[in-house]
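As C-alpha coordinates, the structure follows; a few thoughts come after it.
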Amino acid sequence: MLADLLERNSVWSQARKAEDPGYFLRLASQQTPEFFWIGCSDSRVPANVVAGLDPGEVFVHRNVANVVHSSDMNLLSALEFAVDALKVREIIVCGHYGCGGVKAATEDMPHGLADHWLEPVRRLARAYALDLAKCADIDARRDRLAELNVIEGVRRVAETPIIQKAWRRRTNLRIHGLIYGLKDGRLRDLDCTVGPGHFLKETVE
Ligand code: ZN
(Lines give C-alpha, C1' and ligand atoms only; values in the text may rest on other atoms or scores of the structure.)
Protein backbone atom coordinates (compact mmCIF):
# COMPACT_ATOMS: atom_id res chain seq x y z
CA MET A 1 0.00 0.00 0.00
CA LEU A 2 1.06 3.56 -0.66
CA ALA A 3 0.71 4.47 3.02
CA ASP A 4 3.24 1.77 3.89
CA LEU A 5 5.62 3.05 1.26
CA LEU A 6 5.40 6.61 2.62
CA GLU A 7 5.95 5.34 6.13
CA ARG A 8 9.04 3.41 5.07
CA ASN A 9 10.33 6.55 3.35
CA SER A 10 9.84 8.53 6.53
CA VAL A 11 11.73 5.97 8.61
CA TRP A 12 14.53 5.83 6.03
CA SER A 13 14.98 9.61 5.76
CA GLN A 14 15.03 10.02 9.54
CA ALA A 15 17.60 7.25 9.92
CA ARG A 16 19.78 8.88 7.25
CA LYS A 17 19.59 12.26 8.96
CA ALA A 18 20.40 10.73 12.32
CA GLU A 19 23.46 9.04 10.79
CA ASP A 20 24.63 12.07 8.82
CA PRO A 21 22.80 15.39 9.49
CA GLY A 22 24.19 17.08 6.33
CA TYR A 23 23.40 14.16 4.00
CA PHE A 24 20.32 15.49 2.17
CA LEU A 25 21.55 19.09 2.03
CA ARG A 26 24.77 17.94 0.37
CA LEU A 27 22.93 15.79 -2.18
CA ALA A 28 20.37 18.52 -2.89
CA SER A 29 23.08 21.00 -3.84
CA GLN A 30 24.80 18.77 -6.43
CA GLN A 31 25.19 15.28 -7.85
CA THR A 32 28.56 13.96 -8.94
CA PRO A 33 28.00 10.33 -9.92
CA GLU A 34 30.90 8.38 -11.37
CA PHE A 35 28.62 5.90 -13.15
CA PHE A 36 25.85 5.95 -15.74
CA TRP A 37 23.82 2.76 -15.66
CA ILE A 38 21.69 1.44 -18.51
CA GLY A 39 19.75 -1.48 -17.11
CA CYS A 40 16.54 -3.48 -17.28
CA SER A 41 13.29 -2.21 -15.71
CA ASP A 42 12.97 -5.51 -13.83
CA SER A 43 12.15 -4.74 -10.19
CA ARG A 44 14.76 -7.25 -9.03
CA VAL A 45 17.68 -5.35 -10.57
CA PRO A 46 17.77 -1.87 -9.00
CA ALA A 47 21.08 -0.27 -9.95
CA ASN A 48 21.94 1.33 -6.61
CA VAL A 49 21.07 -1.73 -4.57
CA VAL A 50 22.82 -4.44 -6.60
CA ALA A 51 25.90 -2.26 -7.11
CA GLY A 52 26.00 -1.28 -3.44
CA LEU A 53 25.87 2.43 -4.28
CA ASP A 54 24.25 5.29 -2.38
CA PRO A 55 21.95 7.95 -3.83
CA GLY A 56 24.09 10.40 -5.82
CA GLU A 57 26.58 7.75 -6.97
CA VAL A 58 24.92 6.42 -10.12
CA PHE A 59 22.83 8.11 -12.82
CA VAL A 60 20.30 5.61 -14.13
CA HIS A 61 18.32 4.81 -17.26
CA ARG A 62 16.26 1.64 -17.32
CA ASN A 63 13.95 0.07 -19.91
CA VAL A 64 12.54 -3.35 -20.73
CA ALA A 65 15.47 -5.70 -21.47
CA ASN A 66 18.03 -2.84 -21.34
CA VAL A 67 17.76 -2.31 -25.09
CA VAL A 68 19.92 0.41 -26.63
CA HIS A 69 17.92 1.82 -29.54
CA SER A 70 20.05 4.28 -31.49
CA SER A 71 17.06 6.64 -31.82
CA ASP A 72 15.69 6.40 -28.25
CA MET A 73 15.47 10.05 -27.23
CA ASN A 74 14.92 9.11 -23.61
CA LEU A 75 18.14 7.10 -23.40
CA LEU A 76 20.12 9.54 -25.57
CA SER A 77 19.03 12.55 -23.51
CA ALA A 78 20.11 10.82 -20.31
CA LEU A 79 23.36 9.68 -21.93
CA GLU A 80 24.20 13.17 -23.15
CA PHE A 81 23.50 14.70 -19.76
CA ALA A 82 25.54 12.01 -18.00
CA VAL A 83 28.53 12.47 -20.32
CA ASP A 84 28.52 16.20 -20.98
CA ALA A 85 27.11 17.68 -17.77
CA LEU A 86 27.81 15.11 -15.05
CA LYS A 87 31.10 13.99 -16.64
CA VAL A 88 30.64 10.34 -15.63
CA ARG A 89 33.68 8.17 -16.21
CA GLU A 90 32.11 4.73 -16.39
CA ILE A 91 29.06 3.76 -18.42
CA ILE A 92 27.58 0.37 -17.61
CA VAL A 93 25.15 -1.58 -19.76
CA CYS A 94 23.76 -4.21 -17.42
CA GLY A 95 21.53 -7.10 -18.37
CA HIS A 96 20.42 -9.99 -16.23
CA TYR A 97 19.81 -13.70 -16.46
CA GLY A 98 16.17 -14.74 -16.39
CA CYS A 99 15.15 -11.53 -18.20
CA GLY A 100 11.44 -11.51 -19.09
CA GLY A 101 12.04 -9.11 -21.98
CA VAL A 102 14.65 -11.38 -23.53
CA LYS A 103 12.32 -14.34 -23.02
CA ALA A 104 9.50 -12.47 -24.78
CA ALA A 105 11.82 -11.80 -27.72
CA THR A 106 12.30 -15.55 -28.18
CA GLU A 107 8.61 -16.44 -28.16
CA ASP A 108 6.24 -16.71 -31.12
CA MET A 109 3.17 -15.36 -29.32
CA PRO A 110 2.38 -11.63 -29.73
CA HIS A 111 3.28 -9.24 -26.88
CA GLY A 112 1.83 -5.99 -28.26
CA LEU A 113 4.07 -2.94 -28.19
CA ALA A 114 6.84 -4.91 -26.52
CA ASP A 115 7.40 -6.74 -29.81
CA HIS A 116 8.38 -3.44 -31.43
CA TRP A 117 10.59 -2.53 -28.50
CA LEU A 118 12.30 -5.92 -28.45
CA GLU A 119 12.92 -6.12 -32.19
CA PRO A 120 16.72 -5.61 -31.81
CA VAL A 121 16.83 -8.60 -29.44
CA ARG A 122 14.95 -10.75 -31.97
CA ARG A 123 17.38 -9.60 -34.63
CA LEU A 124 20.31 -10.64 -32.43
CA ALA A 125 18.72 -14.05 -31.87
CA ARG A 126 18.51 -14.54 -35.64
CA ALA A 127 22.08 -13.33 -36.20
CA TYR A 128 23.48 -15.70 -33.56
CA ALA A 129 21.07 -18.59 -34.20
CA LEU A 130 23.86 -21.12 -34.80
CA ASP A 131 25.72 -20.20 -31.59
CA LEU A 132 22.54 -20.12 -29.55
CA ALA A 133 21.52 -23.56 -30.85
CA LYS A 134 24.62 -25.00 -29.12
CA CYS A 135 23.27 -24.02 -25.67
CA ALA A 136 22.04 -26.89 -23.54
CA ASP A 137 18.42 -25.77 -23.20
CA ILE A 138 16.03 -22.90 -23.81
CA ASP A 139 16.92 -21.14 -20.52
CA ALA A 140 20.64 -21.28 -21.34
CA ARG A 141 19.87 -19.91 -24.83
CA ARG A 142 17.94 -17.00 -23.36
CA ASP A 143 20.70 -16.26 -20.85
CA ARG A 144 23.28 -16.26 -23.65
CA LEU A 145 21.00 -13.97 -25.65
CA ALA A 146 20.82 -11.64 -22.62
CA GLU A 147 24.65 -11.51 -22.67
CA LEU A 148 24.72 -10.83 -26.42
CA ASN A 149 22.16 -8.06 -25.93
CA VAL A 150 24.47 -6.38 -23.40
CA ILE A 151 27.49 -6.66 -25.70
CA GLU A 152 25.44 -5.21 -28.56
CA GLY A 153 24.25 -2.41 -26.24
CA VAL A 154 27.85 -1.50 -25.37
CA ARG A 155 28.69 -1.30 -29.08
CA ARG A 156 25.64 0.83 -29.85
CA VAL A 157 26.37 3.27 -27.03
CA ALA A 158 29.97 3.56 -28.25
CA GLU A 159 28.78 4.38 -31.75
CA THR A 160 26.54 7.27 -30.70
CA PRO A 161 27.74 10.73 -31.74
CA ILE A 162 27.58 11.67 -28.04
CA ILE A 163 30.32 9.17 -27.14
CA GLN A 164 32.33 9.70 -30.30
CA LYS A 165 32.42 13.43 -29.55
CA ALA A 166 33.31 12.84 -25.90
CA TRP A 167 36.22 10.56 -26.88
CA ARG A 168 37.66 13.28 -29.05
CA ARG A 169 37.72 15.58 -26.00
CA ARG A 170 38.71 13.21 -23.21
CA THR A 171 39.96 9.71 -22.68
CA ASN A 172 38.71 8.89 -19.19
CA LEU A 173 35.41 7.43 -20.38
CA ARG A 174 34.80 3.70 -20.63
CA ILE A 175 31.75 1.62 -21.49
CA HIS A 176 31.35 -1.76 -19.80
CA GLY A 177 28.98 -4.69 -20.19
CA LEU A 178 27.81 -6.53 -17.07
CA ILE A 179 25.27 -9.25 -16.43
CA TYR A 180 23.49 -9.81 -13.15
CA GLY A 181 22.51 -13.19 -11.73
CA LEU A 182 19.10 -13.14 -10.05
CA LYS A 183 19.93 -16.43 -8.33
CA ASP A 184 23.16 -15.33 -6.65
CA GLY A 185 23.00 -11.52 -6.66
CA ARG A 186 26.35 -11.28 -8.45
CA LEU A 187 27.39 -8.91 -11.22
CA ARG A 188 29.68 -10.45 -13.86
CA ASP A 189 31.93 -8.54 -16.24
CA LEU A 190 31.34 -9.67 -19.83
CA ASP A 191 34.79 -8.35 -20.79
CA CYS A 192 33.50 -6.21 -23.62
CA THR A 193 34.76 -2.87 -22.26
CA VAL A 194 35.43 -0.19 -24.85
CA GLY A 195 37.29 3.09 -24.52
CA PRO A 196 38.76 5.54 -27.02
CA GLY A 197 41.70 3.27 -27.95
CA HIS A 198 39.65 0.15 -28.53
CA PHE A 199 37.10 1.89 -30.63
CA LEU A 200 39.51 3.82 -32.83
CA LYS A 201 41.44 0.60 -33.42
CA GLU A 202 38.25 -1.21 -34.48
CA THR A 203 37.20 1.53 -36.86
CA VAL A 204 40.64 1.59 -38.49
CA GLU A 205 40.52 -2.17 -39.19
ZN1 ZN B 1 14.93 -7.92 -17.66
Checklist entry - Carbon and sulfur: what percent of the chain's accessible surface (1.4 Å probe)? => result 56
Checklist entry - When the Cα centres of region 133-187 and region 1-45 are compared, how far apart do they sit, in Å? => result 27
Checklist entry - Non-local amide H neighbours of TRP37 (under 5 Å, H modeled in plane, Pro and chain starts lacking H): which ones? => result PHE59, VAL60, HIS61, ILE92
Item to check | Lysine pair count for the chain [Cα-Cα under 27 Å; pairs on different chains or 8 or more apart] | outcome: 6
Item to check | Residue-wise HN-Hα coupling along region 84-92, computed from phi with Karplus coefficients 6.51, -1.76, 1.60 (Hz; x: Gly, Pro) | outcome: 7, 9, 7, 6, 4, 9, 10, 10, 10
Item to check | Between 0 and 90°, nearest 10: helix 2-19 axis offset from the chain longest Cα axis | outcome: 60
Checklist entry - Cα extents of the chain along the three principal axes, largest first, in whole Å? => result 57, 46, 30
Checklist entry - Using a ≥ b ≥ c from the Cα gyration tensor of region 71-186 (square roots of the eigenvalues), is it rounded, prolate or oblate, where a/c under 1.5 gives rounded and otherwise the larger of a/b and b/c decides, a/b for prolate? => result prolate
Checklist entry - Can you list residues whose amide H is under 5 Å from LEU190's amide H, if they're 5+ apart or on another chain and H is modeled 1.01 Å from N? => result GLY177, LEU178, ILE179
Next on the checklist: Could you report the chain's accessible area per residue, 1.4 Å probe, as an integer in Å²?
Outcome noted: 57
Next on the checklist: If packing is taken as the average count of other Cβ atoms within 10 Å, what order do 6-12, 76-82 fall into, highest mean first?
Outcome noted: 76-82, 6-12
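The values are calculated or read from the model by the stated rules, or taken from the named source; none is laboratory data. Just so you know, these numbers come straight off a predicted model, no measurement behind them. When we count neighbours, we look across all protein chains shown, and the Cβ atoms used for this are built from the backbone with ideal geometry, even at glycine. These area figures cover heavy atoms from the full protein model, side chains too; ligands, DNA and RNA do not enter into them. Shrake-Rupley method; radii C 1.70, N 1.55, O 1.52, S 1.80 Å.
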